[in-house]
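The values are calculated or read from the model by the stated rules, or taken from the named source; none is laboratory data. As the structure is a prediction and not an experimental result, all values here were calculated from the model. Note that we place each Cβ from the backbone using ideal geometry, even for glycine, and neighbour counts take in every protein chain shown. Only protein heavy atoms, including side chains, enter the accessible area calculation; ligands, DNA and RNA are left aside. Shrake-Rupley method; radii C 1.70, N 1.55, O 1.52, S 1.80 Å.
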Amino acid sequence: MMKIINQLFAASRLFARIILFIAGVIFFACQSKNNSTSSAEKAGGSALPPETDDYYQEIIKYSGIDFTHTIGDDHLSNLVESVGGGAVFLDYDQDGYLDLYLSNGNFTENLSMNEDHPPHTSSENRLYRNRGNGTFEDVTRKAKVGDRGYGMGMTVGDYDNDGYPDIYVSNHGPNILYHNNGDGTFSEVTKKAGVGGNECSVGAVWLDYDNDGFVDLYVGNYIEFDPQYNYYYAPDGFPGPMAYDGQPDVLYHNLGDGTFEDVTQAMGVFNRDGRAMGVGAADYDNDGFVDIFVSNDHMINYLYHNEGGEKFEDRGIMSGVAFNQIGEATISMSVDFADYNNDGFLDLFVSDDVYCSLYKNEGSGVFTEMSYNAGIAVACGQFVGWASSFLDYDNDGDLDLFKVNGELKHLYGQEDQLFENMGNDKFVDVSTERGAYFQEELVGRGACFGDYDNDGDIDAYIVNLNDHGVLLRNNKGNQNHWISLRLVGETSNRDGIGARVTILSGGIKQYTQKKSSSGYLSQNDPRLNFGLGDHEMVERIEVLWPSGKLQVLENIEAGQFLTIKESESAIQ
C-alpha cells in the first residue's frame, strides 16, 4: 500500500513538473514574441498603421527611421547652430524606391558652448534604405556615408554619369563629396575632386550650366562666424547675420574626369559679402541654359542669368526678385522654382521670417511679387518659414505649396502649413483640414517631398532642429490619377537636370523642369510627378533635353512610373 502511495505521489510531482514546464514554455514563447515585436518595431519591421481620414498622417515611429537631429550643444547659442538640418530623397541603390539621407550637427570647437563637457559620442549623418514595404533600415555604416562634420544640407547628382547618384554634403567647415560605387557603398573623394572648401556652406545645387553633359556644382556660403563676438540684444538670444562678414559662394566646373575647377570669378558669380541660405537652379526664361537663384540672409537675393554658358549676370534687381513686395531685403530661406499657373514659365517661391515671396514669372525676364494677392502673405506672417516646396499633393493637376516653419533663434515650435492652389493665382491655407499633424508645433528646418512608398502620391520627411524628424504619409492623393517620369540622359547629363518637360492630359498642359536641390538644404523625389485629376490618359509628353533634342511620346496610360531615355524616339 505504501509503495502505491509513493508511486502516486511521484507521478503527481512529475505531472506538476510537466505542467510547470509547459507553462514556462508558453510564458517564454510569449515573451519572445513580445521581444521580437519590440525589436521589429525598433527596426521598422512592424506593420504600418492603417490609414486615417487625414490627408497627411505622421508615421515616423513605425518607419524604422530613428534619426534625431542635434545641434551638438546644450543650448541653441549661435546662428550657425540655428540654420542646419537638411534631407534628401534619392534612390542610391537604383531599386526603384526612394531612400533617405539626413544631415546632422555635431559638437564643434569654437562653435558649441559646452566645450568643457563635450559629448562622449559623436553624431553623424544617416542613410536609410527603403525596404520597399513602407519602412526603412539604417545602412549608414555599410554605405560609409556617416560624415561627422557640422552638417548643414546636401545635394544629390550623378556627377560622373555612371548611373548612380552621388552625394555632396555642405558643412560648417570642410564639405564632403561621396562617390556612389554602385554596390551599396560610397567613397569619400572630396580632395581628389577639389570641392572641399573650408567655409560655412549652407545651400548647394547641381546644374549643367554649359550643357556639356556633366553636372557642375554651385555652393552657397554663409557667414564668417566669430565665437568671440557677443554684442547683441539679449531677447534675440545671439547676434544676427549682419554682425558677421559674409562669405563668397563658389561655382565648380565639372571637368569630366572626376575633378572640378573653381570658376567663380571667371563666370561672374563672385560676391565677396554674400550670406547664402537656399540655392536653386532652373532655366527661368526658357533660353536653354540653367540660371541660378541665391536666397540671402538679411540682404538682397541674387538671380544669376546664364549668358549662353559663357558667363553669368546678376539680374536680381532688374527682374524683381532681389527684394520682397515692399522693397525689403528679408531673411530669405528656401527657394523653389515651379510653374504654379501652367503658363509655360517657371515661377519662384522664397520663404522668409515674415510674409514670404511668390514671384510670378511674366515671361519677359520680369517677375511680379504675388504673395499678398495670392492669399499667402497674411497666413505666413505669424510664422518663420524654412523649407518650402511646390507639389501637387492631391493630384488634381495644379501645384500646391507645403511650407515648414520654426522659430529662428529659439527652440520654439510652430505649425507647418499647406496651401492649396485654387487656380486664378489664388492659394488657400488648408492645413488644419488636411490632418492632425498640422496642429503640432515643431522647430522645422529642411524637408524633402516624394512618393517614398510608390503609391502615386507625394509624401514628406521633415527635419526638426535638435529633435526627432517627421515622416508624413499621403493617404488620399492617389484617389486622383497620376504619372511619374524618370529621365535618363545620354548625350545630356545622366540625371537630365535642365530638361524641360510638357505633358498634355485631358486638354490641359503642365510644364516642369528637372532640378536637383529644392526648398531648403534638401532635395525632392528625382522623378517628375504629375497629378492628372480624373484623366486616365496622357495624350502627349514632350521632353526638351539640355542637348537640344526633342523627344515626344503619345497616348501613355496614367498610374505608372515611366522611364524616358534620351536616345529613344528623339526628334532632332
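Residues of the stretch 476-494 with the amide nitrogen closer than 14 Å to a label point 7 Å from the Cα of D455, along Cα-to-Cβ, please.
Answer for this model: 476-480.
Compute, for the chain, the length of the dipole vector about the Cα centre, with Cβ point charges of +1 (Lys, Arg) and -1 (Asp, Glu) only. Units Debye, rounded to 20.
2620 debye
Please report the antiparallel percentage of the DSSP beta bridges confined to the chain, to the nearest 5.
95 percent
Can you check what the net charge comes to around T330, using other residues whose Cβ is under 13 Å from the Cβ of T330 (Lys, Arg +1; Asp, Glu -1)?
Overall, the nearby charge balance is -4.
Under 1.5 on a/c is rounded, so check that first for the stretch 467-519, then, if it is not, pick prolate when a/b is larger than b/c and oblate when it is not; a ≥ b ≥ c are the square roots of the alpha carbon gyration tensor eigenvalues.
Working: a/c = 2.55, a/b = 1.19, b/c = 2.14.
Taking the square roots of the gyration eigenvalues as a ≥ b ≥ c, the stretch 467-519 is oblate.
Can you list the GluC sites (Glu not before Pro) in the stretch 216-313 that are in a DSSP coil and have 16 or fewer other beta carbons within 10 angstrom?
Details: sites: E224, E261, E307, E310, E313; in loops: E224, E307, E310.
Sparse-neighbourhood loop GluC sites (Glu not before Pro): E224, E307, E310.
Please give the per residue accessible area of the chain, computed with a probe of 1.4 Å over protein heavy atoms only, in Å². Before the final figure, lay out the partial values.
Details: 22860 Å² over 572 residues.
Dividing the accessible area of the chain by its residue count gives 40 Å².
Compute the length gained on full extension between I508 and D425: take 0.36 nm times their separation in residues and subtract their Cα-Cα distance, giving the result in nm to one decimal.
Extra length from I508 to D425 when fully extended: 28.2 nm.
How high is the FRET efficiency between D236 and Q265 when r is their beta carbon distance and R₀ equals 30 Å, given to the nearest 0.05?
For D236 and Q265, the calculated efficiency is 0.25.
Tell me which lysines have Cα within less than 27 Å of K360's Cα, excluding those fewer than 8 residues away on the same chain?
K311, K403, K426, K509, K514, K515
Can you bin the stretch 246-360 into rounded, prolate or oblate? Criterion: square roots of the alpha carbon gyration tensor eigenvalues sorted a ≥ b ≥ c, rounded for a/c under 1.5, prolate for a/b above b/c, oblate for the rest.
Judged from the Cα gyration tensor, the stretch 246-360 comes out oblate (a/c at least 1.5, b/c at or above a/b).
Tell me what the chain gives for mean residue ellipticity at 222 nm when only DSSP H runs of n ≥ 4 count, each as -39,500 (n - 2.57), the sum divided by the residue total, rounded to 500 deg cm²/dmol.
Calculated mean residue ellipticity at 222 nm is -3500 deg cm²/dmol.
If a/c stays under 1.5 just call it rounded; otherwise compare a/b with b/c (prolate if a/b is bigger, oblate if not). Do that for the stretch 176-320, with a ≥ b ≥ c from the square roots of the Cα gyration tensor eigenvalues.
Oblate shape, in that a/c is at least 1.5 and b/c is the bigger or equal ratio.
Counting only protein chains, not ligands or nucleic acids, how are F136, F383, F561 ordered by accessible area (probe 1.4 Å), most first? Walk me through the numbers on the way to the answer.
Details: F136 0, F383 25, F561 80 Å².
Result of the area sort, largest leading: F561, F383, F136.
Computed FRET efficiency, Cβ-Cβ of N181 and V488, R0 22 Å: what is it to the nearest 0.05?
0.65
How high is the FRET efficiency from Y229 to E441, r the C-beta distance, R0 35 Å, rounded to 0.05? Don't skip to the answer; put the middle values down first.
On the way: r = 31 Å, r/R0 = 0.89.
The computed FRET efficiency comes out at 0.65.
Regarding the stretch 372-461, what are the three Cα extents along the principal axes, ordered largest first, in Å?
Taking the Cα atoms of the stretch 372-461, the three principal extents are 38, 35, 20 Å.
So what's the angle, to the nearest 10 degrees on a 0 to 90 scale, between helix 2-43 and the longest Cα principal axis of the chain?
Around 0 degrees separate the two axes.
Please give the charge dipole size of the stretch 50-174, origin at the Cα centre, charges +1 on K and R Cβ atoms and -1 on D and E Cβ atoms. Round to the nearest 20 debye.
Computed charge dipole of the stretch 50-174: roughly 260 debye.
Give the Debye-formula value of log10 I(q)/I(0) at each listed q (0.15, 0.22 Å⁻¹), with one equal scatterer per alpha carbon of the stretch 519-562, two decimals each.
-0.54, -0.91
Between the stretch 496-537 and the stretch 149-178, what is the separation of their alpha carbon centroids in Å?
Their Cα centres are 24 Å away from one another.
Please express the shape of the stretch 481-545 as an equivalent ellipsoid: the semi-axes are the square roots of 5 times the eigenvalues of the C-alpha gyration tensor, given largest first in whole angstrom.
Values: eigenvalues 97, 45, 16 Å².
Rounded to whole Å, the semi-axes are 22, 15, 9.
Post the alpha-carbon centroid distance, the stretch 248-268 to the stretch 126-145, in whole angstrom.
First find each Cα centre; the distance between them is then 32 Å.
Each residue of the stretch 155-163 in turn: what ³J(HN,Hα) in whole Hz from Karplus with 6.51, -1.76, 1.60 and θ = phi - 60°, glycine and Pro shown as x?
Whole-Hz 3J(HN,Hα) from phi for the stretch 155-163: 9, 10, x, 8, 6, 10, 6, 9, x.
Please list, in order along the stretch 250-256, the HN-Hα scalar couplings obtained from phi with the Karplus expression 6.51 cos²θ - 1.76 cosθ + 1.60 (θ = phi - 60°), rounded to whole Hz, x for Gly and Pro.
Working through the residues one at a time gives 9, 10, 9, 8, 6, 7, x Hz.
Tell me the accessible surface of T512 in square angstrom (1.4 angstrom probe, heavy atoms of protein chains only), to the nearest ten.
Per-residue accessible area (T512): approximately 40 Å².
In the neighborhood of G256, defined by Cβ-to-Cβ distances under 10 Å, what is the net charge if each Lys or Arg adds +1 and each Asp or Glu adds -1?
-3
So if I average 1/r over every pair of distinct C-alpha atoms in the chain and take the inverse, what Kirkwood radius in Å does that give?
24.5 Å
Could you compute how fast the stretch 442-572 diffuses translationally, taking Rh as the Kirkwood radius over C-alpha pairs and applying Stokes-Einstein at 25 °C with viscosity 0.890 mPa s? Give it in µm² per second.
155 µm²/s
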